[in-house]
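The values are calculated or read from the model by the stated rules, or taken from the named source; none is laboratory data. Computed from a predicted structure; not experimentally measured. Cβ placement follows ideal geometry from the backbone for every residue including glycine, while neighbour counts extend to all protein chains displayed. Note: areas computed on protein heavy atoms with side chains; ligands, DNA, RNA excluded. Shrake-Rupley method; radii C 1.70, N 1.55, O 1.52, S 1.80 Å.
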Amino acid sequence: MANTCDACGERSTRLTYPAGGLWAGRWFCRDCASGRKKITRLSSLVAFRFRVAEVLPPGDPMTAPAVRLMMAVDDVRRAQIHMVEAMQRLDDPAERHRAPGDFLYSVRLLLSHMHEAGHALRQLDAAARGADGENRVNALLAGNREGMAALRELRRFFSAQGYWGSLIPRVRNVIGSHYDERAVAAVVKEGFTGDALLESTAASVGGLARMADTVVRAIMSRASGGDLVAAEAQHSQALDLCGHLIALVDHLFDALLRAHPDSIVERDTRVVDVPPLVARAREAVEAARARLRDERRERAATGAPTGGAPGGAGAAGAAG
C-alpha cells in the first residue's frame, strides 16, 4: 500500500521513519532519504541570536550596504510569493475583477525591491574593494559554487550598460515607487478619447474596489514594450533574477556567520513544513529557468541573436 512522503509529497510503497535526529517523526521515500531527490515539502530552519557587532561591525564600510541588500532581498522574497500567487489566479473567472490588479501591483512591488537590491549590491561591491584590489565579497564566497554563480549573474545584470533602459528601473521610476504624471498624461491623451472604455470595479467592501487598473496596465505595457500580464518571457526573467538574489544573500549571510561562529549566543533548530505558496514560488523559479534554457536552445538552433545584457530594453528582454 502506497503512502505519502512528507518530504516531496509523492506516494511511495517504501518509506523510512527516522527515530532520532533533526528529521525524526517524518516519513521519507527512498529517494528523499538518500538525497537523490530534492526535498520540497520540508525545510530545516534555524532561528538564532548573535552579537551583531562581531558579524556586521558598525565601522566596516561593507556593513551598511550589506544590511541594505539583506533588507531588500527579504522584501523580494515576499513580493515574489505574492506575484506567483496572483499569476495563478489570472485565469480564474471568479477572480477576473481582482487578480489582474493584484498581479500588476505585485510586479511593481517586486521590481521596485529588485531595483533597490541592485543598487545595494553595487554599493556593497564598491565598499568591498580592498587597497590590493581584492573584493571581500568574493573572498567570503570563495569555494561556494552556487553563491558565486548567483553573484556573477547579478553583477552582469545590474552593471550592464543597458540596465537603466530595462524594465526594472522604468517600472520602478514611472509606476512603481512613483506615479509619474507624464506617463499618466500620455495614457490619458491617447486612451481617453472617443468611445474608449475604462473598466473599473466598485464594491461594498472597499478593499475589493479597483478604479484605475486599466491605466496601470497600459503604463506598464508601454514600459515593457508589450502586455506585461501576458508576457511570460518577462515573468521568467524576473523570477530567475529573484532566485539569484535570494541565493546570493542566503550564502553571503551564512558566510558572514561562519566567519564569526562565537557570535551566536542562542540557536533553535527544527524542521518545518514549507507553506504551499513558498513552495510554489520556488517551483516557479525552477520552471522559469527551464523556459529560459529552452528559449536559449531554440535561438541557438535557429541562429537568432541571443540579445545583449539581460534586462535590456525591448519586449522579450526587459524584465531581467
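Compute the acute angle (0 to 90°) between the alpha-carbon long axis of helix 145-158 and the principal axis of greatest extent of the alpha-carbon atoms of the chain; round to the nearest 10°.
20
Determine by what factor the alpha-carbon radius of gyration of segment 7-142 differs from 2.2 N^0.38 Å, reporting the quotient.
Values: Rg = 21.4 Å, N = 136, 2.2 N^0.38 = 14.2 Å.
With N residues counted in segment 7-142, Rg over 2.2 N^0.38 Å equals 1.50.
So, with +1 on the Cβ of K and R and -1 on the Cβ of D and E, and no other charges, what is the size of the charge dipole of the chain about its Cα centre, to the nearest 20 debye?
640
Using a 7 Å offset from the Cα along the Cα-to-Cβ direction at both SER177 and ARG129, what is the distance between the two label points in nm, to one decimal?
So the label points at SER177 and ARG129 sit 2.3 nm apart.
Give me the percent of the accessible area of the chain that comes from carbon and sulfur atoms, probe 1.4 Å, all protein chains in place.
53
Which FRET efficiency, nearest 0.05, do GLU266 and ALA24 yield, Cβ-Cβ r, R0 30 Å?
Once rounded, the FRET efficiency stands at 0.85.
Going by accessible area, probe 1.4 Å, with all protein chains left in place, what is the ranking of HIS260, HIS244, largest first?
The ranking, largest first, comes out as HIS260, HIS244.
Find how much the distance from SER44 to MET71 grows on full extension, using 0.36 nm per residue of separation minus their present alpha carbon separation; answer in nm with one decimal.
Computed gain between SER44 and MET71 is 7.5 nm.
Using a 1.4 angstrom probe on the protein heavy atoms only, could you order ARG122, ARG36, ARG145, ARG51 from most to least accessible area?
Values: ARG122 60, ARG36 165, ARG145 205, ARG51 105 Å².
Ranked list, largest accessible area first: ARG145, ARG36, ARG51, ARG122.
Size of the dipole of segment 113-200 about the Cα centre, Lys and Arg at +1 and Asp and Glu at -1 on the beta carbon, nothing else charged, in debye to 20? Walk me through the intermediate numbers first.
Numbers: 11 positive and 11 negative charges, 82 e Å.
With only Lys, Arg, Asp and Glu charged at Cβ, the dipole is about 400 debye.
Ordered by packing density, taken as the mean number of other Cβ atoms within 10 Å over each peptide's residues, highest first, how do 276-288, 175-187, 73-85 rank? Could the numbers behind the result be given before it?
Values: 276-288: 16.8, 175-187: 15.2, 73-85: 20.8.
Descending packing order for the listed peptides: 73-85, 276-288, 175-187.
Residues of the chain: accessible area per residue at 1.4 Å, in Å²?
Using a 1.4 Å probe on heavy atoms only, each residue of the chain averages 55 Å².
Is it possible to state the helix-based mean residue ellipticity at 222 nm for the chain, with each DSSP H run of 4+ residues giving -39500 (n - 2.57), the sum divided by total residues, to the nearest 500 deg cm²/dmol? What is it?
Here the helix-only value at 222 nm equals -17000 deg cm²/dmol.
Given the convex hull over the Cα atoms of the chain, what projected area results after averaging over all orientations, in nm²?
23.2
Considering only protein heavy atoms, with the full assembly of protein chains and a 1.4 angstrom probe, order LEU45, LEU151 by accessible area, largest first.
Listed by decreasing accessible area, they come as LEU45, LEU151.
Can you check what the Kirkwood hydrodynamic radius comes to for segment 77-168, Cα pairs only, in Å to one decimal? Walk me through the intermediate numbers first.
Working: mean 1/r = 0.0643 Å⁻¹.
It works out to 15.5 Å.
If you put +1 on each Lys and Arg Cβ and -1 on each Asp and Glu Cβ, how big is the dipole of segment 57-118 around its Cα centre, in Debye rounded to 20? Don't jump to the answer; show the numbers that get you there.
On the way: 7 positive and 9 negative charges, 19 e Å.
Result for segment 57-118 is approximately 100 debye, rounded to the nearest 20.
Any idea which of THR201, LEU257, VAL216 is furthest toward the positive side of the dipole for the chain, if Lys and Arg beta-carbons carry +1 and Asp and Glu beta-carbons -1?
It is LEU257.
For helix 232-258, what angle does its Cα long axis make with the longest principal axis of the chain, in degrees from 0 to 90 and rounded to 10?
30
To the nearest 10 degrees, how steep is helix 213-224 against the longest Cα principal axis of the chain, on a 0 to 90 scale?
Its long axis makes an angle of about 80 degrees.
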